[in-house]
1. Which condition number in (1) over 30 Å from Leu317 (Cβ atoms); (2) at pLDDT below 90; (3) of a type in the set (Ser, Thr, Tyr) is the one that Ser449 fails?
2. Could you check how many residues of the range 393-418 are open to solvent by 10 Å² or more (accessible area, probe 1.4 Å), closer than 11 Å to Pro19 by Cβ and not small (Gly, Ala, Ser)?
3. Any idea how many residues of the range 373-424 are of a type outside the set (D, E, K, R) and part of a helix (DSSP H, G or I)?
4. Modelled with pLDDT of 80 or more and surrounded by 12 or more Cβ atoms within 10 Å (Cβ to Cβ): is that true of Ser233 in this structure?
5. What is the residue count in the range 400-444 for residues that are in contact with a helix residue (DSSP H, G or I) (Cβ under 7 Å, 6 or more places away or on another chain) and either on the phi > 0 side of the Ramachandran plot or not basic (Lys, Arg) (or both)?
6. Since Tyr368 meets every condition but one in (1) at pLDDT below 85; (2) open to solvent by less than 30 Å² (accessible area, probe 1.4 Å), which condition does it not meet?
7. Check the range 435-456 and report whether any residue there is charged (D, E, K, R), surrounded by fewer than 17 Cβ atoms within 10 Å (Cβ to Cβ) and not in a helix (DSSP H, G or I).
8. Return the residue satisfying two criteria in turn: it lies in the range 218-230 and is open to solvent by 30 Å² or more (accessible area, probe 1.4 Å), in a loop (DSSP other than H, G, I, E, B) and at pLDDT 90 or above, and of such residues it is nearest to Leu173 (Cα to Cα).
Amino acid sequence: MLSSRSGSVQPVVIAGGGPAGLAAAMMLSRRGYSNITVLERMSEDEYLKDTDRTYAMALFPRGSAALAEIGFTLDLEEEGVDNHFANRTNIRPDGYDGSWMQTKGKKGFYALEKVAKEARDRGNKTDNFPLTELLKRQTLTRLLYKDLMAKYPGVNAVKMVFDAQVIGCDVDLSKTSASVRYQIASEAAPRTIDAQLVIAADGMNSQITRSIQESDPAFRLIRLTNESYFAGSPKRYKVLALPPSFDVEVTTIKKPQRRGLAALFRRRQPDAPVETTTRLHMSPRCQVVFTPVVPKNESFSFGCFPTTQKHTRVANLNTPPDHPILSLASGEELLRYLERSIPQWRNVREVVRMDEAERFVRKKVGRYGTPQYVNQLHVGRVAFVGDAAHAFPPDLGQGVNAALEDVAILGRCMDGADQLSDALQLYTGMRGPDAAAIAHLAHRWQLLSATASLFRKIRWRGDFFLRLLLSRLLPFLFDPPVYLMITQRELSYAEVWRRARRTSRRLAYVATLVLLALIQAVL
């Protein structure tokens with residue numbers, strides 16, 4: 001076991017102070033490593049600030065189990081939302097509907113709280129669906145950071161270097177070390193650390209990955225750009241911060257519809273449209289989705305995630321790459337655009353403050369990259385975890401879960417080996433197939449974008465419900481949809497990918513047999 005060896009006092013460098021990097025620091029600290037440096041490109045104030053405008057993440061039982069195995073003890077009930085029980089309200093131009101949409105003081109919301117608590121007491125599943133904590137990335141990062149520093153204070157503390165940008169990594173396969181070069185924002189000259197172990201947790205645009213690609217021809221970053229998938233155009237996104245709870249004044253216009261024979265034979269002028277104004281209270285647990293009224297070439301999605309009363313609410317705007325909302329120049333232009341494109345939302349200016357609108361237009365546009373993975377999870381003394389090992393859009397909700405599971409598996413490999421090189425080799429062998437599988441799964445079964453064509457929507461939904469139906473009727477032949485299998489933490493990503501492809505082949509066989517039977521019947 002590596003934790004008992006004297007090499008644990010030699011330097012270890014972790015590139016990236018996100019959830020994967022902090023999890024790696026905790027895992028190594030528990031195994032006796034005491035000279036750990038985490039390089040984080042953000043400033044300390046920005047890293048630890050309370051105002052959280054980062055995107056929301058789903059922490060499935062797979063990720064929660066990995067956190068516990070790594071050594072974290074977090075109170076997620078205070079910081080996150082049970083996504084399985086979050087109520088959802090859809091606000092459309094012709095009306096609104098909701099699942100557990102409640103106004104202030106209505107008892108249904110408290111009944112929902114009771115159901116959620118009972119489900120947590122029973123375990124991590126209810127009605128065959130796992131409980132999921134929904135929380136924001138920076139909230140999770142802050143919780144992990146505080147727990148890590150509380151458990152390893154003083155001389156055993158992990159050293160965090162803020163404002164540090166990794167600029168390169170040199171790996172000599174003949175040596176038992178690797179060197180990392182980084183630049184601190186306030187210094188003119190870069191620094192270098194020679195480490196016995198380097199963990200790359202610096203995201204999908206990892207500088208360490210890029211450096212090793214340039215020096216090692218056998219190491220490749222595989223991008224899945226030529227495989228068919230259901231999603232529409234590559235999406236862009238921006239995040240808007242809203243209050244945790246707010247009132248929405250909704251004006252809807254419904255056109256009366258005649259039914260039966262009266263609709264065919266009555267020639268008089270139709271009744272005038274009915275306009276209704278309602279004021280709804282959106283509690284922190286309520287997920288709000290607004291349906292824009294825009295031309296097809298300006299389609300976008302606007303969804304507000306559930307939150308807790310102590311945190312701001314995150315609203316994600318997902319758009320095509322050339323959408324006009326991405327090029328607005330001022331907060332006033334944004335508010336006017338929202339008023340024009342979501343006319344049923346009458347009190348936009350009450351909910352979206354001007355300073356937040358100004359921040360939104362200045363914020364850099366986010367991009368969902370194509371799924372990618374590295375062909376080997378270690379090179380020399382460098383190991384890859386999280387998005388540096390496998391990156392994909394958030395459709396499957398597995399980003400942080402896969403990253404935490406990477407670290408947990410790396411810890412198991414270190415426990416089962418006497419030499420660090422053997423542990424890294426074991427890690428590549430155990431986790432490599434999963435890294436490729438989750439990238440393929442995310443690419444093949446992406447969620448539908450707002451601009452997806454009708455054909456894509458029909459094809460996607462048909463595939464989902466056909467697999468769901470057949471898995472219920474013939475479970476020994478067909479597996480459930482990927483979105484259900486992937487939440488089962490006892491199934492590895494490689495196993496989910498194998499079962500999904502097996503079901504696809506069997507569906508193809510059945511379709512072929514049905515087609516041949518029809519041809520024979522016709523002839």
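1. In the conditions (1) over 30 Å from Leu317 (Cβ atoms); (2) at pLDDT below 90; (3) of a type in the set (Ser, Thr, Tyr), Ser449 misses (1) alone.
2. 1
3. 21
4. For Ser233, the condition - modelled with pLDDT of 80 or more and surrounded by 12 or more Cβ atoms within 10 Å (Cβ to Cβ) - is not met.
5. Looking only at that region, the number is 28.
6. Only one criterion is unmet by Tyr368, namely (2).
7. no
8. Ala218
The values are calculated or read from the model by the stated rules, or taken from the named source; none is laboratory data. Keep in mind that what you see is a predicted model, and the values were worked out from it rather than measured. Here the Cβ is made from the backbone with ideal geometry for all residues, glycine too, and neighbour counts use every protein chain on show. Heads up: the accessible areas ignore ligands, DNA and RNA and are worked out on the full protein's heavy atoms, side chains in. Shrake-Rupley method; radii C 1.70, N 1.55, O 1.52, S 1.80 Å.
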